[in-house]
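The values are calculated or read from the model by the stated rules, or taken from the named source; none is laboratory data. On a predicted model such as this, the values are computed, not experimentally measured, just so you know. Cβ placement follows ideal geometry from the backbone for every residue including glycine, while neighbour counts extend to all protein chains displayed. Keep in mind that these areas ignore ligands, DNA and RNA; they rest on the heavy atoms of the full protein, side chains included. Shrake-Rupley method; radii C 1.70, N 1.55, O 1.52, S 1.80 Å.
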Amino acid sequence: MLTNNKNVINWVDEMVALCKPDNVVWIDGSEEQLNALREQAVASGELEALNQEKLPGCYLHRTLQNDVARVEDRTFICSRDEKDAGPTNHWCDPKEMYAKLTPMYDGVMKGRTMYVIPYSMGPIGSPLAKVGVELTDSIYVVLNMDIMTRMGKAAFENLGETSNDFVRGLHSKADIDPEKRYIVHFPEDNTIWSINSAYGGNVLLGKKCFALRIASYQGKNEGWMAEHMLILGIENPQGEVTYISAAFPSACGKTNLAMLIPPEVYSKQGYKVWCVGDDIAWLKPGKDGRLYAINPENGFFGVAPGTNAKSNFNALESTKKNTIFTNVAHNLDDNTVWWEGLDKNPPENAIDWLGKPWNGKESTEKGAHPNSRFTAPAINCPCISPEFNNPEGVPISAMIFGGRRAKTAPLVYQSFDWNHGVFVGSTMASETTAAAAGAVGVVRRDPMAMLPFCGYHMGDYFAHWLEMGEKLGDKAPKIFNVNWFRTDDEGHFIWPGFGDNMRVLMWIVDRCKGNAEAVETAIGYEPKAEDINIEGLDITVDTVKELLTVDKELWKEEAKGIHEFYGKFGDRLPEELSRQLAALEERLAK
Ligand code: OXD
Ligand code: MN
């Protein structure tokens, strides 16, 4: 045992009595212990050791074919009152859910070892950090949690001997039966139960389950925010850094933006971009009244396909050592890995993500699963921020929302004020692309990119955002919306994207510093087209003008869609947001 905390010990005893493992191993986080677990996982086939010269400390893992992604239809928020889970979550009465799952956990670890993983979300000792304990029967989970969190004995130091403020996570692979798969949150009990999956987002309980679903609920009660946001810093040639956080729905390029490489027009002047986080931000007012953010995670759980030296050099570099790859293709020629979009040279002698022989030159099947992943330590990232481990976090000047919109949203606009910014975030949406099943071009609302991750009623979540704005007053970050995905009449993207997105971020930074002008439109403040720096790009000011157009007819349609969406929240929709919608309609009618 690594702690004298009675609350921890009693709960672990209780779960051991339920799951009945043959052994219980407390994870202290030492290299010695981790190496022994790596060896054991390799011996059992759970992991394959990759080429240790080319990819030192790297391993490959394959999940079952039925277990390759988060399962939103089997994810539950079990608040005591159904109304507190809200219309956007699946709900079940906690008593009923415990009664249903307890027999499934009863004896589930017979013949297995239970690992007790203490971990900290956030730097150890940070006033913004929180402790979790995950019990699991998977070595893969232990080794991934080692990368994604600050794991081991030191995590208990934050908790002390008497505190009960830790999140209780219980995970068992059980039989990896998709029919009996449950990812369940009991926010009022600080508890997460996950069973019958062995895929990252369902089993690395510190990430989406704790750092977003449980933490969003804690944040509402404790006066802070847990958001699905990247955090980056832009350093100017004078060495001043402006920090920005940004929320986009899954698969809109958060990791790419978080690690962007400045285009030459900025790098030659000495500008730098620093990554603090690529997925989650915890934000709390600091002593000076500004909003400070930490990245609660310690690594990146990134999507592999599409990651290459051009799309995201820094992410690719991050995966060159001490990384676990899941469901990518295995290149047998040199015992390395490959995925679609890595390069134009797929291996001929390989094993695909299903474990079958695969010839990348001839096969029409994919070598890597589209949601195959790398779990890479943040310290590997060449542009990781020097403030990454700062326990106080970094002060946020701007918050950005965005989505994938072909026509409606302009390249960038600024909200009139905080409350209008909350309105903008709450109406965030993406249009479906051909990449996903179902109709193309359908608008999916994903408020603040939190739709699958908000652990309580989303109407109350909007109210919490409004309250935070009141608390922060004139120290509140400015709120912006961006859209990198405007298309021309042939459906081609107009804006170059990737590193060139920095050109838009620079207008945002200038607005925060009071150094840029803006034009007032019906939807918010826009840049003057000349104020977006296009030096070195083969687009003209007219193209930028086109990217900034606001089509009032489309926006009137948009307002109708928002009415419909807001209707879901009933009387828990803050009045202020209805007022904001009415004000938008008035401006559009002018
Ligand atoms: C993720 C997601 O895996 O948002 O980060 O789906
Ligand atoms: Mn995410």
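Of note:
- Selection from M151, G425, I261 lying farthest towards where the dipole of the chain points positive, charges on Cβ: M151
- Between Q40 and E553, full extension at 0.36 nm per residue minus the direct alpha carbon distance yields a gain of 178.5 nm.
- Segment 177-280: trypsin sites (Lys or Arg not before Pro) in DSSP loop, at most 15 other beta carbons within 10 Å: K268
- In the chain, a dipole from Cβ-located charges (positive for Lys and Arg, negative for Asp and Glu) runs towards its positive end, and of G567, G270, A246 it is G567 whose Cα lies farthest in that direction.
- Listed peptides 386-392, 125-131 appear in the order 125-131, 386-392 once ranked by packing, highest mean of other Cβ atoms within 10 Å at the front.
- Taking every protein chain into account, the 1.4 Å probe leaves D279 with about 20 Å² of accessible area, to the nearest ten.
- When the listed pairs K528/K556; K130/K272; K320/K356; K173/K208; K268/K528 are checked against a 27 Å cut-off, the alpha-carbon distance exceeds it for K130/K272.
- Counting only protein chain heavy atoms and rolling a 1.4 Å probe, the accessible areas of V273, V25 rank, largest first, as V25, V273.
- Diffusion coefficient, µm² s⁻¹, Stokes-Einstein with Kirkwood Rh over alpha-carbon pairs of the chain at 4 °C and 1.567 mPa s: 52
- Near N380, once Lys and Arg are set to +1 and Asp and Glu to -1 for all other residues with Cβ below 12 Å from its Cβ, the sum equals +1.
- Cβ charges +1 (Lys, Arg) and -1 (Asp, Glu), total dipole of segment 302-372, debye: 200
- D (Stokes-Einstein, µm²/s), Kirkwood Cα radius, segment 302-372, 0.890 mPa s at 25 °C: 204
- Surface share of carbon and sulfur [accessible, 1.4 angstrom probe, percent] for segment 511-590: 47
- Placing pseudo-labels 7 Å out from each Cα toward the beta carbon at D93 and K180 gives an inter-label distance of 2.4 nm.
- Couplings for segment 114-121, taken from phi via the Karplus curve 6.51 cos²θ - 1.76 cosθ + 1.60 with θ = phi - 60°, read 9, 9, 9, 10, x, 8, 10, 8 Hz in order; Gly and Pro are left as x.
- Across the options A378, G403, F485, the greatest Cα extent toward the positive end of the charge dipole of the chain (unit charges at beta carbon of Lys, Arg, Asp, Glu) belongs to A378.
- 15 Å cut-off, amide nitrogen to a point 7 angstrom out along E222 Cα→Cβ, residues in segment 102-146: 119-133
- Segment D510-N359, length gained on full extension (0.36 nm per residue, minus Cα span): 49.3 nm
- Around the Cα centre of segment 3-129, unit charges on the Cβ atoms of Lys, Arg, Asp and Glu (plus for the first two, minus for the last two) sum to a dipole of about 140 debye.
- For the listed peptides 345-351, 286-292, a ranking on the average number of other beta carbons within 10 Å per residue, highest first, reads 345-351, 286-292.
- Shape call, segment 421-502: gyration tensor on alpha carbons, a/c limit 1.5: oblate
- The chain - charge dipole about Cα centre, Lys and Arg +1 at Cβ, Asp and Glu -1, debye rounded to 20: 380
- Segment 536-576 and segment 194-253 have Cα centres lying 25 Å from one another.
- Burial ranking of peptide ranges 440-448, 137-145 (average Cβ count within 10 Å, highest at the top): 137-145, 440-448
- Legend: calculated FRET efficiency, A439 to Q65, from the Cβ-Cβ distance at R0 = 45 Å, rounded to 0.05, equals 0.95.
- Separation of alpha-carbon centers, segment 280-342 and segment 20-69, rounded to whole Å: 19
- Tensor-based shape of segment 203-293 (alpha-carbon gyration tensor, a/c under 1.5 rounded, otherwise prolate or oblate): oblate
- Applied to segment 326-343, the Karplus parametrisation 6.51 cos²θ - 1.76 cosθ + 1.60 on θ = phi - 60° returns per-residue 3J(HN,Hα) values of 10, 6, 8, 7, 9, 7, 6, 4, 10, 6, 10, 10, 8, 8, 4, x, 6, 7 Hz, with x for Gly and Pro.
- Per-residue extension of 0.36 nm, minus the Cα-Cα distance of A589 and T102, leaves a gain of 169.6 nm for this segment.
- Between F493 and K321, the modelled label-to-label distance comes to 3.2 nm, taking each label 7 Å out from Cα in the direction of the beta carbon.
- Rounded, prolate or oblate (a/c below 1.5 giving rounded, otherwise prolate when a/b exceeds b/c) for segment 419-565 by Cα gyration tensor: oblate
- Enclosed volume per residue, in Å³, of the convex hull spanned by Cα atoms of segment 457-544: 158
- Virtual spin-label span in nm between K153 and N23, 7 Å along Cα→Cβ: 1.9
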